[in-house]
Amino acid sequence: MKQKLANLDELNLFVKKVLEKLKPEEKAVVLALHGNLGAGKTTFAQHLARELGVEGEITSPTFVIFKRYETPKSEFKNLVHVDAYRLESKDELKPLKFDEVLKEEGTLVVIEWPENIEGALPDSAHHVYLEIADDNSREVEYS
């Protein structure tokens, strides 16, 4: 599913389409967000969190690496938002017990900068690619 987005309303519709394809499983469902700085990864994660019923401020967990939210309006029990921007390898996730997070039933894990923790994502991970177009719109693709 590939699309050009002109504004935040269109991004929100795209987020809803992606969420329709994600269903809770016996282990965590992983959604990897790819794109350069400013491409909209955090904005995508914020819209996704709102759709899941997360209230309050949703910021990128750049310095704490990940944040956990309850998702009261969703089939998922929890949302774990990971920002791997400052990480250099998957080994840096060990102290955070990331392997345990991936085993959690009914959890949705959204990861910004997944290329920085290559090898940590399960083969079943879903991917969203975000890119800034020449006209400052966004091109997004879900696979």
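Any idea which of ALA39, ALA49, ALA32, ALA45 is surrounded by 18 or more Cβ atoms within 10 Å (Cβ to Cβ), part of a loop (DSSP other than H, G, I, E, B) and not β-branched (Val, Ile, Thr)?
ALA39
So which residues in the range 71-95 are among the hydrophobic types (A, V, I, L, M, F, W, C) and over 17 Å from LYS27 (Cβ atoms)?
ALA84, LEU87
Conditions tested, residue by residue: (1) under 15 Å from LEU48 (Cα atoms); (2) hydroxyl-bearing (Ser, Thr, Tyr); (3) part of a strand (DSSP E or B).
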site	(1), (2), (3)
ARG68	yes, no, yes
GLU75	yes, no, no
ASP99	no, no, no
LEU108	yes, no, yes
ALA120	no, no, no
HIS127	yes, no, yes
GLU131	no, no, yes
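When both residues are 6+ apart or on different chains and their Cβ atoms are under 7 Å apart, which pairs have a first residue that lies in the range 3-29 and is on the phi > 0 side of the Ramachandran plot, and a second that is surrounded by fewer than 17 Cβ atoms within 10 Å (Cβ to Cβ) and at pLDDT below 90?
Correct list of pairs: empty, since none qualify.
Hey, among the residues in the range 23-44 that are of a type in the set (A, V, I, L, M) and modelled with pLDDT under 95, which one's nearest to LYS77 (Cα to Cα)?
Applying the filter and picking the extreme gives ALA39.
In this structure, does ILE111 turn out to be closer than 25 Å to GLN3 by Cα and crowded, with 16+ Cβ neighbours inside 10 Å?
Taking the combined requirement at face value, the residue satisfies it.
Starting from residues that are over 14 Å from the mean Cα position of the chain (by Cα) and among the aliphatic types (A, V, I, L, M), keep the ones in the range 81-100 and report whichever is surrounded by the fewest Cβ atoms within 10 Å (Cβ to Cβ).
The residue in question is LEU96.
When you check GLU139 against the structure, is it modelled with pLDDT of 90 or more, among the charged types (D, E, K, R), under 24 Å from LYS21 (Cβ atoms) and part of a loop (DSSP other than H, G, I, E, B), yes or no?
Taking the combined requirement at face value, the residue does not satisfy it.
The values are calculated or read from the model by the stated rules, or taken from the named source; none is laboratory data. Quantities reported herein were computed from a predicted structural model and do not represent experimental measurements. Heads up, the Cβs are rebuilt from the backbone with ideal geometry, glycines too, and the neighbour counts pull from every protein chain shown.
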